[in-house]
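Peer 1: Here you go, one structure.
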Amino acid sequence: MGLFQKFKDGLLKTHQKLAHEIKRIVTASPQLTSATVEELEAALIAADFGMAMTGRISAAVKLAYETQGRAGLDVFSIARAEVERSLPAPAGLLRQPDGLTVVSIIGVNGTGKTTTAAKLGHMVESRGQKAMLAACDTFRAAAVEQLKLWGEQLHLPVIAGAHGADPASVAHDAVAAALARRVDYLFVDTAGRLHTKHNLMQELQKVHRVMSRKLPGAPHETLLVLDASTGMNSLVQARAFHAAVALTGLVVTKLDGTSKGGMVVAIQQDLKLPVKFIGLGQGPDDLQPFNPREFARALFDEE
C-alpha cells in the first residue's frame with residue numbers, strides 16, 4: 001500500500017465529514033455570501049482545525065472568489081494548499097551522530113504511549129538499526145507486560161523492573177544496558193500522567209535527570225503522544241507537558257478513529273513543534289512518519 005493510500009484510509013472519517021460539508025455548503029449557493037463563509041468556518045472548526053487555520057482558509061477562499069468569481073470557489077484545492085503551506089517539512093527521529101539516541105515517550109493515560117514505543121522500535125529495526133525498549137511505567141503492571149509482549153512479537157529487547165519499582169532506576173538501568181549492547185535507539189515508555197498533577201510531572205523530570213547523568217544529553221528526543229479523538233483538548237495537555245519538559249516533537253495516535261483530524265494542524269500551529277509521527281491503525285506498520293503533503297491531500301482531495 002502506498003503512503004498516500006495509508007494516509008487516505010487513516011483519515012477517512014475526517015475526510016468524509018469535511019467533503020460532505022464543503023460540497024453541501026458550496027453547492028447550496030452560487031455566490032459566496034457571509035452565511036456561506038460562516039458555514040465553511042463552522043465545518044473547519046468542527047474538525048478541530050483551530051481558529052488560526054480556519055481563518056487562513058476562509059481568507060484564501062474569499063480572495064479567490066473576489067478575484068475569480070464562482071470559478072475561484074475550489075475550496076478543496078485552496079484548503080489543501082493552505083494546510084500544506086502551514087506545516088513544516090517532515091521531521092524524522094533525531095539521531096546522535098555517534099552512539100546511543102534515547103527517546104522518551106510521554107503523555108497522559110490511554111494515548112497509546114506503550115504501543116508507540118514498540119512501533120518506533122520496529123520502525124528503527126526495519127531500517128537496519130538496533131532498538132531497545134525500556135518499561136518505565138512501573139505503576140501499571142499491565143503496561144510492563146504489554147511492552148514485553150510487543151517486544152516478543154517484534155523481537156525487540158525490553159528492560160523492565162519489578163512492579164512498583166522506581167521508574168528513574170529502571171531508566172538508569174535501561175540506558176546502561178543500551179550502552180553496553182551498543183544499540184542505536186532506546187525508547188523509554190513512561191507512565192501515563194495527568195498534566196495537572198504537579199508531583200507526577202516532577203517525577204518525569206527526575207527520570208530525565210537520571211538518564212542525563214548516565215548519558216549526557218539524554219533524552220535526546222522527547223515525544224508527547226496525543227490521542228486525536230480528544231481533539232483540541234489535547235492542546236491543554238501539550239502546553240503543560242511542554243512547560244515541564246522540553247518537547248522535541250509530537251506523535252498523534254488514533255487518527256483513524258476520529259473526524260477531528262484537523263487538530264494535528266491546530267496543535268502544531270500553536271506549539272510550533274513538529275508532528276513527527278501519526279497513528280493510522282493498529283498494526284506495527286501503521287505508525288507513519290508525518291508527511292504534510294500527503295496529510296493535506298488525504299483531508300481535502302475531492303473525489
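Peer 1: Can you work out which of the residues in the range 261-294 that are assigned to a helix (DSSP H, G or I) and touching an Asp or Glu at 6+ places or on another chain (Cβ under 8 Å) is farthest from L11 (Cα to Cα)?
Peer 2: Checking each candidate, the answer is A266.
Peer 1: Right, something else. From the residues in the range 235-260 that are modelled with pLDDT of 85 or more and part of a loop (DSSP other than H, G, I, E, B), which one is surrounded by the most Cβ atoms within 10 Å (Cβ to Cβ)?
Peer 2: K254
Peer 1: Still on this structure: So T248 passes all but one of these: (1) under 12 Å from the mean Cα position of the chain (by Cα); (2) within 16 Å of A266 (Cβ to Cβ). Which condition number does it fail?
Peer 2: So the condition that T248 fails would be (2).
Peer 1: How do the strands (runs of 3 or more DSSP E) wholly within the range 79-193 filter down when requiring 3 or more residues that are touching a His at 6+ places or on another chain (Cβ under 9 Å), touching a residue at least 24 places away in the same chain (Cβ under 8 Å) and under 19 Å from V251 (Cβ atoms): which remain? Give the derivation first.
Peer 2: Numbers: elements: 101-106, 131-136, 158-160, 185-190.
Of the strands (runs of 3 or more DSSP E) lying wholly inside the range 79-193, those with at least 3 residues that are touching a His at 6+ places or on another chain (Cβ under 9 Å), touching a residue at least 24 places away in the same chain (Cβ under 8 Å) and under 19 Å from V251 (Cβ atoms) span 101-106.
Peer 1: Considering only the range 220-234, how many residues are under 24 Å from A89 (Cβ atoms), in contact with a helix residue (DSSP H, G or I) (Cβ under 6 Å, 6 or more places away or on another chain) and not in a helix (DSSP H, G or I)?
Peer 2: So the count comes out to 3.
Peer 1: Can you tell me how many residues within the range 102-158 are acidic (D, E), surrounded by fewer than 23 Cβ atoms within 10 Å (Cβ to Cβ) and touching a helix residue (DSSP H, G or I) at 6+ places or on another chain (Cβ under 8 Å)?
Peer 2: Step one: filter the range 102-158 for residues acidic (D, E), giving 125, 137, 145, 152.
Checking which are surrounded by fewer than 23 Cβ atoms within 10 Å (Cβ to Cβ) leaves us with 125, 145, 152.
Next, from what is left, pick out any that are touching a helix residue (DSSP H, G or I) at 6+ places or on another chain (Cβ under 8 Å): 125.
Final tally of qualifying residues: 1.
Peer 1: Can you tell me which residues in the range 30-66 are polar (S, T, N, Q) and modelled with pLDDT of 95 or more? Can you show your working first?
Peer 2: Looking only at the range 30-66, we keep the residues that are polar (S, T, N, Q), and these are 31, 33-34, 36, 54, 58.
Hits for the range 30-66 are T54, S58.
Peer 1: When the residues of the range 88-107 are filtered to those that are modelled with pLDDT of 90 or more and closer than 19 Å to S234 by Cβ, which remaining residue is farthest from the chain's Cα centre (by Cα)?
Peer 2: Checking each candidate, the answer is S104.
The values are calculated or read from the model by the stated rules, or taken from the named source; none is laboratory data. The structure presented is a predicted model; accordingly, all values stated were derived computationally and were not measured. Cβ sites come from the backbone with ideal geometry, for glycine too, and all protein chains shown count toward neighbours.
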